[in-house]
Amino acid sequence: MLTNLVYILMLTLTIPNVMRFSNQMNLLDMMPTGYDANYVNILLYTLGEEGRNAYLFNQIPVDMIYPFLFGISYCLVFVYFLKKLNRDKGLLFYGCLLPLIAGIADYFENIGIIYLLNSYPNITNFSVSITNFFTVLKSGTTTVFFVLLIIMLLILGVKRLKLKSP
């Protein structure tokens, strides 16, 4: 519950607060397929000093809480449903590591974004590439996790329906 409340806070308050400075450009942590140095330069220029400060002092602090909550809670959710399916002893168990990996990647992404915000206008291709790597890693592991979770929920639903049918 807390994880999703923090996420809703970001989606409804902190991200829109920063985006009002972005001329509808997506923020870096909201770009699952990544970005390049040109995009970062244009975004940070468009945000202006006030927008960069909103990103740094409003969005990032909340996003430093969320990865921990996401990693722990969704790891536990995954294990819970694995146990319901009696699959908690096999290879699929390692799927519970995906939210932890996504959370760690999110922290590294945030550190990279902090660096970019503080370095602007003197950002390097290397710093953008490293930050982008963690953005894509976070997004990829999150996507794979939710696909696996949905599959598990579908299997569980089908099993329950079979048990209830005469």
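Since every read-out is calculated from the coordinates, none of them should be taken as a lab result. The model shown is predicted, which means the values in this text are computed figures rather than measured ones. A quick note on method: Cβ atoms are made from the backbone with ideal geometry, for glycine too, and the neighbour counts reach across all protein chains shown.
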>> Classify the range 11-81 from the C-alpha gyration tensor, please: rounded if a/c falls under 1.5, else prolate or oblate depending on whether a/b exceeds b/c.
In response: prolate
> Does the range 1-40 come out rounded, prolate or oblate by the C-alpha gyration tensor, with a ≥ b ≥ c the root eigenvalues, rounded set by a/c under 1.5 and, if not, prolate when a/b is larger than b/c and oblate if not?
Replying inline: oblate
> When Lys and Arg each count +1 and Asp and Glu each count -1, what net charge do the other residues less than 14 Å away from F70, Cβ to Cβ, add up to?
Replying inline: -3
>> Please report the spacing between the Cα centers of the range 39-53 and the range 124-159 in Å, no decimals.
In response: 27
> In Å, the Kirkwood hydrodynamic radius of the range 2-159 over pairs of distinct alpha carbons?
Replying inline: 16.6
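Which order do the peptides 148-159, 131-142 come out in when sorted by mean C-beta neighbours inside 10 angstrom, highest first? Walk me through the intermediate numbers first.
Working: 148-159: 13.2, 131-142: 20.2.
Highest mean packing first, the order is 131-142, 148-159.
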> What helices does the chain have that are whole DSSP H segments, at least 24 Å long along their own axis by Cα, and with mean Kyte-Doolittle hydropathy of -0.5 or more?
Replying inline: 66-84, 97-119, 125-164
> Given only helices, namely DSSP H runs of n ≥ 4 each adding -39500 (n - 2.57), what is the per-residue ellipticity at 222 nm of the chain, to the nearest 500 deg cm²/dmol?
Replying inline: -23500 deg cm²/dmol
> In the range 70-90, which residues have a backbone nitrogen under 17 Å from the label point lying 7 Å from K162's Cα in the Cα-to-Cβ direction?
Replying inline: 82-88
